Amino acid sequence: MRIHKKSKPKVLWFQAITCNGNTHSFLSANDNRMRLFLDSFDLIYHPSLTVNITLKEILSSNIEIDYLLVEGAISSNERFFSLSNLSTNSLINKLIKKTKYLIAVGSCASNGGIHAKFEENKDIKSLSKSIEAKSLSLLQHPIINLTGCPVHPEWILQTLFSLKEYGKMKLDEEGRPVELYSSLAHHGCTRNEYFEWKVEAESFGHKEGCLFYEQGCRGPMTHASCNKILWNDVNSKTRVGMPCIGCTESDFPRDNMLETRKNIGIPHEVPLGISKRAYLSLTGIAKTFKIERLHKKLND
Ligand code: SF4
């Protein structure tokens, strides 16, 4: 009896206007998870990781792509031609005709990100704003936005494994998987006790204190699981004393990201879900308790 082995779903990673940060992040995935990915999927093309076939050959073939991952922002401007005089925009619109699922990897692909903000060329856009409407309707699923600058490697893997297993994912209003983006970066931060009792960090890189009051931490306003699914399995920005800069939100990048905007000493923005008045009452009370333990060095 001949046993037919089921072929693995095909993944194509396309790079548009990007710094490669999401590729670097993906390569730092947990070893076992990366091995499972390579065993479960067929990575047919990545501009820096695969050698068997070129993008040009894929475009002229009848190869079907199960998961098209796009890193970087998109433009139809001739400055960003990348292959055979085709712009990133026309390449994407060709590839999508062969594709079942389209995944924006990182903040530039999801929202335009740093390139859309700082490039003089205003034609740089997110993936969802670059796709022709009739192509979108051919996809098996709405575009999935994996925001983050860069996106966490495990979020990419969890998305692929979920789609492979269930064929769909519940998305929030910005197209992000709810499973990965429903809680805030503040969730699981080791500095929560300092936040509650309004104890400020002296500066970056210290073990003690909360970074919300002076250093611009946006953990309480940012949908991301960075403090639940740790980076390199051990850490996060806030755990090492750097503020969350809110890179998973659509208004990223903002100006002056490492300082807390204030008006007469009151933070311009307060944690999601609480009114400014209620927040001020709470913090006013918290500040009246001086808990000596929280004002000492953890390790002298
Ligand atoms: S450092 Fe940021 S994420 Fe951590 S407790 Fe303070 S505000 Fe929340």
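A compact table of results
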quantity: Proximal aspartates and glutamates to residue 10, defined as alpha-carbon separation beneath 18 angstrom and excluding residues fewer than eight positions away on the same chain; calculated: 39, 42, 57, 64, 66, 71, 165
quantity: Rg [Å, one decimal], Dmax [Å, integer] - the stretch 9-102, C-alpha atoms; calculated: 13.4, 41
quantity: Accessible carbon and sulfur surface of the chain relative to its total accessible area, %, 1.4 Å; calculated: 52
quantity: Where only alpha carbons of the stretch 89-158 are counted, the Rg and the Dmax (Å); calculated: 12.5, 35
quantity: Under 22 Å from the Cα of residue 134 - lysines, other chains or at least 8 residues apart; calculated: 94, 97, 98, 100, 125, 168
quantity: Distance cut-off 37 Å, percentage of C-alpha pairs in the chain lying past it; calculated: 24
quantity: Extent along principal axes [Cα atoms of the stretch 183-294; Å; largest to smallest]; calculated: 38, 33, 23
quantity: Longest DSSP-loop-exposure-free segment, trypsin sites (Lys or Arg not before Pro), the chain, at most 16 other Cβ within 10 Å; calculated: 7-121
quantity: Surface accessible to a 1.4 Å probe, per residue, for the residues of the chain, Å²; calculated: 53
quantity: Equivalent ellipsoid, the stretch 51-196 (semi-axes from 5 times Cα gyration tensor eigenvalues, Å); calculated: 29, 20, 13
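The values are calculated or read from the model by the stated rules, or taken from the named source; none is laboratory data. Because the structure is a prediction, the values reported are computed rather than measured. Every residue, glycine among them, receives a Cβ derived from its backbone with ideal geometry; neighbour counts consider all protein chains shown. Heads up: the accessible areas ignore ligands, DNA and RNA and are worked out on the full protein's heavy atoms, side chains in. Shrake-Rupley method; radii C 1.70, N 1.55, O 1.52, S 1.80 Å.
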